1. If you scan segment 374-387, which residues turn out to be touching a residue at least 40 places away in the same chain (Cβ under 8 Å) and either part of a helix (DSSP H, G or I) or over 23 Å from the mean Cα position of the chain (by Cα) (or both)?
2. Just to verify a result, which residue in segment 183-199, among those that are part of a loop (DSSP other than H, G, I, E, B) and surrounded by 19 or more Cβ atoms within 10 Å (Cβ to Cβ), is nearest to the chain's Cα centre (by Cα)?
3. Quick test for you: out of Leu359, Leu371, pick the one residue that is touching a residue at least 24 places away in the same chain (Cβ under 8 Å) and either hydrophobic (A, V, I, L, M, F, W, C) or surrounded by 15 or more Cβ atoms within 10 Å (Cβ to Cβ) (or both).
4. Please go through (1) touching a strand residue (DSSP E or B) at 6+ places or on another chain (Cβ under 9 Å); (2) under 23 Å from Leu202 (Cβ atoms); (3) outside any helix (DSSP H, G or I); (4) not charged (D, E, K, R) for Gln368 and return the number of the only condition it doesn't satisfy.
5. Does Val170 satisfy being within 24 Å of Met336 (Cα to Cα), modelled with pLDDT under 95 and of a type in the set (A, V, I, L, M, F, W, C)?
6. Identify, please: which residue in segment 243-277 is among the basic types (Lys, Arg) and assigned to a helix (DSSP H, G or I) and is, among those, nearest to Asp366 (Cα to Cα)?
7. Go through (1) touching a strand residue (DSSP E or B) at 6+ places or on another chain (Cβ under 7 Å); (2) closer than 30 Å to Ala362 by Cβ; (3) among the aliphatic types (A, V, I, L, M) and name the single condition Leu213 misses.
Amino acid sequence: MLVGFESSILNRSMTGVANYTFNIVRGAIELQLDLGFAGFRDFDWHKFDLTAVEGITQFQRKHGDTGATSAVSVARLMGRLRDGFAGLPGSRSAAGVYRDMRRGRFASTVGKQSLDLFHAFNFRPLADPGVPTLPVIYDLSTFRHPQFHPRDRVEWLEPLREFVARAPLVHTISEFSRREITDVFGYPFAQIFVAPPAASSLFAPLGKDRTQLALNEFDLKYGEFFLVVGTHEPRKNIRTAILAYERLSQVARARCPLVLAGGKGWGNLDLPAQTESLIRDGSIRFVHGVADPQLRDLYEGARLLLAPSLYEGFGMPVVEALACGTPVAHSADTSMDEISGGLGKRVAALDVDGWTRVLKDALENDDQADLARREARIARARQFDWRHSAGLVTDAYRRILK
């Protein structure tokens, strides 16, 4: 069996969709050695096997960052050219030309690969691959909340409804998203399967002393800061976290700063007016460009992880924080309920008073230091396993091709 997928995303920082793609493909290869993958990388196809997996894994270990191997220098160059377009006048048109070139190349070469199946990890393929296609639908936030996304992303996903209607099965990452796909698209619930992500083995507790040494770089004290993790975009609802934090006393804020770690995103974050003054006095700290080993240190060292997102397909920071033993608080009635399993505090996303109460409770009760609760959180995170999810995916391949 030969499965095609778009592997260009593995050339860059491996978060989100890239992280999911890599771990599912790696797990599938390890589980089923007679299963082959062909990756479309920028403008050409390449065999993706255990050697390619090991190359990426070694690169990650060496650089402490998730990215591509040194073997993809051409792909890196194309990525730089693409990124370079973004800073030029008419960049949207230039980027559009690049995408059109890739789509044309994909369409003209996919038929020569002898694929049995195409796994569309980026929601949908660049063009019709001419074989059964399994789409991965992480969430439907561009349909539920298009105002939270860049226009080109919304446009890319607009045809998704028609594409999904033709799919033999649909692959998603949470029961929440499974229900959304049925509710929004009317796709049969029984033909949707859930293969959730998992925390990397990197996200595990190393102990207070070792973690504190790493936290010194951030001028943070173990157990004495709040943490929000995620790309800084409107959907993450950073505004509510800041509004709740601002209501703490000055003494409490001086004791326990709020750290907002994540990539620079897009859109209007609508941050409260007092944000700048809180940044100046050191109470609020935006941290960008954090590699996974540093993120692990922030997770374990945090007194509490806050995840106030308005909408999530899954919620990776929650499972990663739990894997490090850290207490979590997240938006109620979201996919994150499935992760915490009752071990996290649940608050309505826009309930500023509720989030303030959670922060005050965390200051008064040292849940982070409770060993029994820490072990329960770690055990909960271990229920999410990449190998198990990869097995669900290979089962789906066989169902489609039987």
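1. Arg374, Glu375, Arg377, Ile378, Arg380, Ala381, Trp386, Arg387, listed by residue number.
2. Step one: filter segment 183-199 for residues part of a loop (DSSP other than H, G, I, E, B), giving 186-188, 195-199.
Of the ones still in play, those that are also surrounded by 19 or more Cβ atoms within 10 Å (Cβ to Cβ) are 187, 195-199.
Working: Tyr187: 24, Ala195: 14, Pro196: 11, Pro197: 9, Ala198: 10, Ala199: 11 Å.
Filtering first and then ranking leaves Pro197.
3. Numbers: Leu371 fails: touching a residue at least 24 places away in the same chain (Cβ under 8 Å).
After applying the criteria, what remains is Leu359.
4. (3)
5. Answer is no for this residue.
6. Step one: list which residues in segment 243-277 are among the basic types (Lys, Arg), which gives 247, 253, 255, 264.
Now drop any that are not assigned to a helix (DSSP H, G or I), which leaves 253, 255.
Values: Arg253: 16, Arg255: 14 Å.
Within segment 243-277, the match that is nearest to Asp366 (Cα to Cα) is Arg255.
7. (1)
A quick yes/no check of all residues on (1) at pLDDT 90 or above; (2) of a type outside the set (Ser, Thr, Tyr); (3) in contact with a strand residue (DSSP E or B) (Cβ under 8 Å, 6 or more places away or on another chain):
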{"residue": "Gly84", "(1), (2), (3)": "no, yes, no"}
{"residue": "Ala95", "(1), (2), (3)": "no, yes, no"}
{"residue": "Arg99", "(1), (2), (3)": "no, yes, no"}
{"residue": "Arg103", "(1), (2), (3)": "yes, yes, no"}
{"residue": "Gln113", "(1), (2), (3)": "yes, yes, yes"}
{"residue": "Phe123", "(1), (2), (3)": "yes, yes, yes"}
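The values are calculated or read from the model by the stated rules, or taken from the named source; none is laboratory data. Just so it is clear, the structure is predicted and the values come from calculations on it, not from any experiment. FYI the Cβ positions are ideal-geometry reconstructions off the backbone, even for glycines, and counts take in every protein chain you see.
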